[in-house]
Amino acid sequence: MKAPLDTPRSLLAEILAWCSGLAYAVLLYAVVLNTGRELTGMRLLPAALPAVLLLPLVLRRPLPALALLLTVSFAVTVRTESAMTAGQYMMGIVPPAQTQAWQIVSLQAALTDLTVGRIAATRSRRTAIVAALVALGVQIGGAHHYRDGSPSFLATLVFLTLMMVTAWTVGHSVRERRRHTAALRVRAAEQAVVAERLRIARELHDMVAHSIGAIAIQAGVGRRVIDTQPSEARNALAAIEDTSRDTLAGLRRMLGALRQTAPGDGAPLGPAPGLAELDGLVERSLDAGVRVDIEWRRERRPLPADIELSAYRIVQEAITNVVRHSGASACRVIIDCQEDDLFIEITDEGRGPSGPPGAAGYGLTGMRERAALLHGEFTAGPRPEGGFLVAARLPLPVAVT
């Protein structure tokens, strides 16, 4: 089903397409009425040129265009036949007769087949089959009307059928190829989301393992000094409480949104990165030929490990897209840590990601997934003044003040 017209520009294009189609019908009929000789050579050009006027309507509304084309074709051939003697041929699909009818009808038959191919490429199979059968029925009806009793009627019938089947098959093949390509893109995007979630789960595993290790150490210290140094034991219990609360908060924000996925490779070695590691990222980007300017707004303060990790990954992936796809020599990163939210913005002056998903498109999918898992927001797209913008908002837990 076609999308509703939602802009004045779309409405204007629709109106112009219909006016162009109607102009095609009027001009073609005028050419037939004012042409008394056989349409050969340059004299066939006035009858062929109006076909260009039908193209906008075929591209936007192929079904109404087919109905208009069939109506005009039948009316034109009837008008042509009325000026012929009983012994003249109507169709030019067989060896030509000495009349203008066969040239005009051949041109109309070719346009009809192309329109049916367009319908088969853009509409459902049932709709395309019905359109092809109706168009073929009109063509066969015209052939029967003008070639009834002629030895060439059977050849004309076979040729019309083969041409219609060919046009429908080509259009249907185009549609199936588009559907297959779209399905592959959707599957690849889903795999990218799964891969990103597995990566998040592995990184979260490292963060939790570190926190549990710290809790175990503090618990051991508290057990050993609880009788001799109560104050130290109290400090150990406070550290255990703080560490466990932060870890549980991170688990609630992230593990609750993660779906069960297939096991992947091992967890990455080394501690999970955070915003403190952005300086190293800036140096590596400079080696790749892109200067990164980082602007910190408001006071920097410690954030939960999962927020730090996701913020770092978003900035890292955005800078990677700048290096690989934008063609820009510099980009700007703004990090604004407000009371309740962490805002991240990466801008550049390049052309941004282009083409189908597969390169930067999956990187954007991963960044959007990270923000969604933390109940945040993510946007990415070209800027009105030029360049590309990546922005994310990550909500901060109430305890972080």
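The values are calculated or read from the model by the stated rules, or taken from the named source; none is laboratory data. If you're wondering where the values come from, they're calculated on a predicted model, not measured in any experiment. Backbone-built Cβ (ideal geometry, glycine too); neighbour counts: all protein chains shown.
The table below lists the values:
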quantity: Criterion: out of contact with any Asp or Glu (no Cβ under 8 Å at 6 or more places or on another chain) and either modelled with pLDDT of 70 or more or of a type in the set (Phe, Trp, Tyr) (or both) - qualifying residue of Ser82, Ser73; calculated: Ser73
quantity: Ala167 being touching an Asp or Glu at 6+ places or on another chain (Cβ under 6 Å) and modelled with pLDDT of 75 or more; calculated: yes
quantity: Every pair of residues 6+ apart whose Cβ atoms lie under 7 Å, when the first sits in the stretch 104-128 and is assigned to a helix (DSSP H, G or I) while the second is aromatic (Phe, Trp, Tyr); calculated: Val116/Trp168; Gly117/Trp168; Ala120/Trp168; Ala128/Trp168
quantity: Long-range neighbours under 6 Å by Cβ, at least six apart or interchain, first residue of a type in the set (Gly, Ala, Ser) within the stretch 171-184, second surrounded by 11 or more Cβ atoms within 10 Å (Cβ to Cβ); calculated: Gly171/Gly117; Gly171/Ala120; Gly171/Ala121
quantity: Residues (in contact with an Asp or Glu (Cβ under 9 Å, 6 or more places away or on another chain) and either surrounded by 20 or more Cβ atoms within 10 Å (Cβ to Cβ) or assigned to a strand (DSSP E or B) (or both)) located in the stretch 296-307; calculated: Trp296, Arg297, Pro304, Ala305, Asp306
quantity: Leading residue by the ranking (surrounded by the fewest Cβ atoms within 10 Å (Cβ to Cβ)) among those in the stretch 259-281 that are modelled with pLDDT of 75 or more and in contact with a helix residue (DSSP H, G or I) (Cβ under 9 Å, 6 or more places away or on another chain); calculated: Ala276
quantity: Matching residues, the stretch 10-31, being among the aliphatic types (A, V, I, L, M) and either under 17 Å from Leu70 (Cβ atoms) or touching a residue at least 24 places away in the same chain (Cβ under 8 Å) (or both); calculated: Ala13, Leu16, Ala17, Leu22, Ala23, Ala25, Val26, Leu27, Leu28
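One line per residue, one yes/no per condition, for (1) at pLDDT below 85; (2) over 20 Å from Val193 (Cβ atoms); (3) in a helix (DSSP H, G or I):
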{"residue": "Glu283", "(1), (2), (3)": "yes, yes, yes"}
{"residue": "Leu286", "(1), (2), (3)": "yes, yes, yes"}
{"residue": "Val292", "(1), (2), (3)": "no, yes, no"}
{"residue": "Ile314", "(1), (2), (3)": "no, no, yes"}
{"residue": "Ala328", "(1), (2), (3)": "yes, yes, no"}
{"residue": "Leu342", "(1), (2), (3)": "no, yes, no"}
{"residue": "Tyr362", "(1), (2), (3)": "yes, no, yes"}
{"residue": "Thr365", "(1), (2), (3)": "yes, no, yes"}
